[in-house]
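What follows is one structure encoded as structure tokens, with my remarks underneath.
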Amino acid sequence: MLKLAASQLQAISERLTNDFEEKTTRHLVSNFRAELSRHGVDGDVAAFVRKGIAEARSHGITRPGDVRLYLECMLLLRPDFGDSPEFSWASKVLREHGLSGTEKMDQIHDHLVFSVLLKKQEGGA
């Protein structure tokens, strides 16, 4: 049986976190350039990513895909969407203790997708 020391586990964890931060930074720069600029984030995207990861974790959102979606919501809606009265529905979901991080992001994603579809139907588009 392979045993790892606490320091080895910590080093592995830090490396995985750094890899995720780097990949996510590249993803946002490649796919959300206009949104980064609109929010004045284009100067230090890595700092924005680290802040968003910490915020997501504070809501129990830890899985990489869920964290990435959280960061995308920060850009598409507004950086403080989880605390904004404009998006009180999202704040309610994020503060729900009975939901996993994935369930929270699934509900936020579904709300966004279906609200757009409903608006299209109401507008006749």
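Using unit Cβ charges (K, R positive; D, E negative) and no other charged atoms, how large, in debye to the nearest 20, is the dipole of the chain about its Cα centre? Kindly include the intermediate steps, with their values, before the conclusion.
Numbers: 17 positive and 18 negative charges, 40 e Å.
Its charge dipole is roughly 200 debye.
Number of Lys-Lys pairs in the chain under 24 Å by Cα, sequence gap 8 or more or different chains?
Details: Lys23/Lys51; Lys23/Lys104; Lys51/Lys92; Lys51/Lys104; Lys92/Lys104; Lys92/Lys119; Lys104/Lys119.
So the count of such lysine pairs works out to 7.
Using a Förster distance of 30 angstrom, determine the FRET efficiency expected from the C-beta separation of Ala5 and Arg63, and round it to 0.05.
0.70
Consider a paramagnetic label point 7 Å from the Cα of Ser115 along Cα→Cβ; state which residues of region 52-88 have an amide N under 16 Å from it.
Under cut-off, by backbone N: 70-88.
When the chain is modelled as a GNM with alpha-carbon springs shorter than 10 Å, which of Leu75, Leu112, Leu94 fluctuates the most?
Leu112
With semi-axes √(5λ) of the Cα gyration tensor in Å in mind, check [x] 23, 17, 13; [y] 25, 16, 14; [z] 30, 19, 13 and report the label derived from this structure.
Here the calculated entry is [z].
Would you mind computing, in nm to one decimal, how far apart the modelled labels at Asp19 and His39 are, each placed 7 Å from Cα along Cα→Cβ?
2.6
Among Ala90, Val67, Ala34, whose Cα lies farthest out toward the positive end of the dipole of the chain, if unit charges sit on the beta carbon of Lys, Arg (+1) and Asp, Glu (-1)?
Looking along the dipole axis, the top candidate is Val67.
Every number in this text was worked out from the coordinates using simple rules, so none of it is lab data. Being a predicted model, the structure only gives us computed values, none of them experimental. Cβ coordinates were reconstructed from backbone atoms using ideal geometry, including for glycine residues, and neighbour counts include every protein chain displayed.
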